[in-house]
Each structure stands twice: as structure tokens, then as C-alpha cells.
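> Mind having a look at this structure? Questions to follow.
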Amino acid sequence: MDDLKKLIREVPDYPKPGILFYDLTTLLKDKKGFHCLIDRLCAHYNGHPIDVVAGIEARGFIFAPALAYSLGAGFVPVRKPKKLPAKTTSVSYSLEYGTDTLEIHEDAIKKGDRVIICDDLLATGGTAAATVKLVQQLGGVVEGAAFAVELTFLNGRKKLPGLDVFSLIQYDK
């Protein structure tokens, strides 16, 4: 995946000093790189019966619909509070400094639906784990979690036990 990694801009000290931000917008604007990334994500799940791909706000909305389209599945947005118009269910989860909340429409996933969680980046795993809880609250079965990038040194996979966690690009530090 070095070909894709070369297309990602590294921005030091963003959003705060000491953080190295991996900016995927430079990969997204490269037509060959973007197509390659989506094709490789989709290839991992080809042949798996998937009903829904749940994309996590905001950058998960870039990858999840393309993955859903390729797999013949539906797309469901998982959003921050008060962004969805119909009745929602929510889950709050811990962050490094505080808590956050995610919501999903109550009718977005039916009992037994096979779901893939999708986001741009797996870091500590808290947001993805919260999304797993949301899907399970609605009766969905989480078949896997797909990410364009994974920061392996943050051990986010540990918060997703038993899942097929797939990431295309890994950073070890």
C-alpha cells in the first residue's frame, strides 16, 4: 500500500502541537489513488453478503457509500447529535478528554441486517466501538469494520474484538 501512502499528506502539529495529522484529501483528489483505494476496500468484502454499510461522520461518508454501492448494499449515516431528522437512537462514549455521542435513525437497520462499519481512520477505536454498539442496539450483526488508514500504535483494534477489522494503510508511529 506504499503507493497509496505516498499520496497522503502529513501535517505536523495539527490540530494541536505534537499531533501528526494524516490528511487524506491529497489521496482523494488523485483519481487513480482514490479509485485504487475504493477498489481495494471493496475487494476485501466481495462475496460477503452485506446488507448495510454504516458510515461514520464525517469522513466515513466519503468511503462508505462507494463501498455500499460496490457491494450492492445500502448506506446508513452515523452522525453527531441533532443532525438526523427522524427518531434516533444514540450512544455516548469516552474520549481522551471527555465524552461524545453518536446517533443513528431507529429504522436504519433491521434485526439481522449484516453491517460493515466504515470510516476513514482507525485510531483509538472509541468511535468505531460506539458505532458497533449502535448497530447492535438495532439488532444488526456487525460483519466487519473497514478503514482507509489505521494508526496501529494506538491499538484501536483492541476495542473491536471478534470483528474482521480491515485497513488498507497502516502507520506504526
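Every number here is computed from the coordinates shown, using simple stated rules; none is lab data. Bear in mind the structure is a predicted one, so any value in this text is a computation, not a measurement. Note: ideal-geometry Cβ built from the backbone for every residue, glycine included; neighbour counts use all protein chains shown.
> Can you list the HN-Hα couplings for the stretch 72-82, worked out from phi with the Karplus curve (6.51, -1.76, 1.60; θ = phi - 60°), rounded to whole Hz and with x for Gly and Pro?
x, 10, x, 10, 10, x, 10, 10, 5, x, 6
> Once the stretch 1-61 is represented by equal point scatterers at the alpha-carbon sites, with solvent omitted, what log10 I(q)/I(0) does the Debye formula produce at q = 0.19, 0.20, 0.29 Å⁻¹?
-0.87, -0.93, -1.18
> Multiply the residue separation of Gln170 and Asp23 by 0.36 nm, subtract the distance between their alpha-carbon atoms, and state the gained length in nm to one decimal. Mind showing how you got there, number by number?
Details: separation 147, 0.36 × 147 = 52.92 nm, distance 1.37 nm.
Answer, rounded to one decimal: 51.5 nm.
> Explain nothing, just compute: Karplus ³J(HN,Hα) = 6.51 cos²θ - 1.76 cosθ + 1.60, θ = phi - 60°, for every residue of the stretch 156-173 in order, whole Hz, x for Gly and Pro.
Along the stretch 156-173, the couplings run x, 4, 4, 8, 10, x, x, 9, 7, 9, 10, 10, 7, 10, 10, 10, 8, 3 Hz.
> For a quick check: with amide H placed at 1.01 Å from N, whose amide H comes under 5 Å from Glu150's, ignoring anything fewer than 5 positions away on the same chain?
Amide H neighbours of Glu150, under 5 Å, 5+ apart: Leu122, Ile169, Gln170, Tyr171.
> Please report, in debye to the nearest 20, how large the charge dipole of the chain is about its Cα centre when each Lys and Arg carries +1 at its beta carbon and each Asp and Glu carries -1 there.
Taking the Cα centre of the chain as origin, the dipole is about 200 debye.
> Amide H neighbours of Ala145 under 5 Å, counting only residues 5+ apart in sequence or on other chains, H built in-plane at 1.01 Å?
Ile117, Asp164, Val165, Phe166
> Considering amide H positions built from the backbone, and no H for Pro or chain starts, which residues 5 or more places from Gly125, or on another chain, come under 5 Å of its amide H?
Residues meeting the amide H criterion: none.
> Is the shape of the stretch 83-143 best called rounded, prolate or oblate, per the rule: a/c under 1.5 gives rounded, else a/b larger than b/c gives prolate, else oblate, with a ≥ b ≥ c the square roots of the Cα gyration tensor eigenvalues?
oblate
> Across the stretch 52-61, in residue order, what do the Karplus-derived ³J(HN,Hα) couplings come to in whole Hz, using 6.51 cos²θ - 1.76 cosθ + 1.60 with θ = phi - 60° and x for Gly and Pro?
9, 10, 9, x, 8, 4, 10, 6, x, 5
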